[in-house]
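Visitor: Attaching a single structure in structure tokens format; questions to follow.
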Amino acid sequence: MNILLLGSGGREHALSWKLAQSPLLDKLYGAPGNPGIADHAQIVGLDLTDHAAVVTFCEGHRIGLVVVGPEAPLVDGLSDSLRTAGFSVFGPSRVAAQLEGSKGFTKDLCTRANIPTAGYVRASSLQEARATLARFGAPVVIKADGLAAGKGVVVAMTMAEAEAAVDDMFDGAFGAAGAEVVIEEFMTGEEASFFALTDGATIVPFGSAQDHKRVGDGDTGPNTGGMGAYSPARVLTPELEAETLARIIGPTVKTMADEGMPYSGVLYAGLMLTEQGPKLIEYNARFGDPECQVLLMRFEGDLVELLLACADNKLSSIEPPRFSADVAMTVVMAAEGYPGTPKKGGRIDHIPAAEVGGAKVFHAGTTLSGDGILSASGGRVLNVTAKGPTVKAARDTAYAAVDAISFPEGFCRRDIGWREIEREESQG
Ligand code: AMP
Ligand code: GLY
């Protein structure tokens, strides 16, 4: 089978690496791709906003499955255009992708399906938002309704911060994404991410992970798209996972199907593990980046078979996904300046040497020049990923690989996995 993989980050490099291991794959195409994806796929220059061009490409290359990596094409309805043309697609429809594309949509769904989440109010004017803040008090959380590249959330510890945040959003800081806001009660607890694949009827768990959102060691500094992750997140115990499936994922999938918006693809739940049990923080309609890298490092099945079964409503007829008992960790190497303005062009060497010890280096934001020189072209540049019997072992392998890479204009956090390593040490 020929497959078209859409996207250009570390998540898609990991997907391409795993898809390429399947005996079911004939030829993999990647658009727009990156130099890491190019190791496994033929790179094609497609504009993902031009649905007709993507459909024409699929028709011309006998594509049996399209795998959509990032959220923007999903929210833009690319899956619908491809399905209408008769193609199998891994990724939800435009209406189903509202679970990521509109925070207010998801909160209202939680209300209808009685899903545990923070109390909230949707506000579509500054006046309404200010009045709501006055009722909620601080601390409080303010979210732009639409897609804002992970930047549309302000956790305000004081009323002054909260008021500044709503002023900014209604002033257009996030463009159309901020024309409506969700104001939420502040929840406390540890965060964990849980992943499930669903074809709209059958649900299969796909593992858990914990991300590190702040740029600096000790969880300091501004928020990023994620500076590292590990899987599994053992704070999400089997009991809490069962509760998450029963009270959050199950009712979501059922309600979406009952309301004529069946969700197909991966459902990525951001959870707050509160004293009252897991509560939904938000959904994403795609794999996490870099969470996907650690999930796939542990996944032991055939990814083509799994994603195709999901796309074709056949999840109930295949074996559930199998995972290694090992822990996987990924460390993000970013370009100086990230998450502000990252410095482009920093030279990168010695990736093959870094992989000798068993680590895998996924490309997230790199370019390869005509004379074979690899350099940084994005904020998050490399995802150095390793596996081991303990978090500490995975970490040691990952950081040994980080240290073998030469990227003078890059940096990384040195403490990925610290919470779990502390727990490992306290349990001896
Ligand atoms: P989101 O993009 O909705 O996942 O929010 C980004 C981050 O903001 C989350 O990972 C949490 O750390 C924090 N956050 C979001 N909503 C809440 C909430 N209601 N209470 C506390 N923290 C929150
Ligand atoms: N790492 C967070 C995300 O993919 O949204």
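Bear in mind these aren't lab numbers, they're just calculated from the coordinates by the rules spelled out. All figures in this text were calculated on a predicted structure; none of them were measured in a lab. Neighbour counts run over all protein chains shown; Cβ positions are idealised from the backbone, glycine included.
Visitor: Which links in Lys107/Lys279; Lys18/Lys387; Lys18/Lys314; Lys279/Lys360; Lys27/Lys344 stretch past 23 Å when you go from one Cα to the other?
Guide: Lys279/Lys360; Lys27/Lys344
Visitor: Next question, about the same structure. Under a Cβ-Cβ cut-off of 14 Å, what is the net charge of the residues other than Asp312 that fall near it, where Lys and Arg count +1 and Asp and Glu count -1?
Guide: Once positives and negatives cancel, what remains is 0.
Visitor: Another question, if that's okay. Give me the net charge for the shell around Arg286: Cβ to Cβ below 11 angstrom, other residues only, Lys and Arg +1, Asp and Glu -1.
Guide: Its environment carries a net charge of -4.
Visitor: Once the piece of chain linking Gln21 and Thr367 is laid out straight, how much longer is it, given 0.36 nm per residue of separation minus the C-alpha distance between them?
Guide: 122.2 nm
Visitor: Let me ask something else about it. Starting from the Cα gyration tensor of the chain, take the square roots of the eigenvalues, sort them a ≥ b ≥ c, and report rounded, prolate or oblate (rounded when a/c is under 1.5, otherwise prolate if a/b is larger than b/c, else oblate).
Guide: It is rounded, given that a/c, with a ≥ b ≥ c, falls under 1.5.
Visitor: Between Gly218, Gly228, Phe170, whose Cα lies farthest towards the positive end of the dipole of region 145-274 when Lys and Arg beta carbons carry +1 and Asp and Glu beta carbons carry -1, centred on the Cα centre?
Guide: Gly228
Visitor: Same structure, new question: Relative contact order (percent) for region 193-334, with alpha-carbon contacts under 8 angstrom and 6 or more residues of separation?
Guide: Here the relative contact order equals 31 percent.
Visitor: What percent do you get for the relative contact order of the chain when only Cα pairs under 8 Å and 6+ apart count?
Guide: 16 percent
Visitor: Quote to one decimal, in nm, the extra length available between Lys151 and Glu239 on full extension: 0.36 nm per residue of separation minus the C-alpha distance between them.
Guide: 28.5 nm
Visitor: Would you calculate the volume per residue, in Å³, of the smallest convex hull containing every Cα atom of region 300-428?
Guide: 158 Å³
Visitor: Continuing with this model, one more query. Hey, what number do you get for the chain at 222 nm if only DSSP H runs of n ≥ 4 count, each worth -39500 (n - 2.57), divided across all residues, to the nearest 500?
Guide: When only DSSP H runs of four or more count, the value is -8500 deg cm²/dmol.
Visitor: Something else now. Using a 10 Å cut-off around each Cβ, can you sort Val327, Val381 from fewest to most neighbouring Cβ atoms?
Guide: Val327, Val381
Visitor: If you don't mind, there's one more thing I want to ask. Among Ile3, Ile115, which comes first, then next, by fewest other beta-carbon atoms within 10 Å?
Guide: Ranking Ile3, Ile115 by Cβ neighbours within 10 Å, fewest first, gives Ile115, Ile3.
Visitor: Assuming 0.36 nm per residue, please report the length gained on full extension of the stretch Thr341 to Ser426 beyond their Cα-Cα distance.
Guide: Extending this stretch completely gives an extra 26.7 nm.
Visitor: Rounded to the nearest 0.05, what FRET efficiency is calculated for Asp326 and Ala400 with R0 set to 25 Å and r the Cβ-Cβ distance?
Guide: Working from the Cβ atoms, E equals 0.95.
Visitor: Mind putting a number on the dipole of the chain about its Cα centre? Charges go on the C-beta only, +1 for Lys and Arg and -1 for Asp and Glu, and I need it in Debye to the nearest 20.
Guide: The dipole magnitude comes to about 220 debye.
Visitor: For region 314-389, what mean projected area does the convex hull of the alpha carbons give, in nm²?
Guide: The directionally averaged projection comes out at 8.1 nm².
Visitor: Fewest to most neighbouring Cβ within 10 Å: what's the order for Ser375, Ser231?
Guide: Going from least to most buried by this count: Ser375, Ser231.
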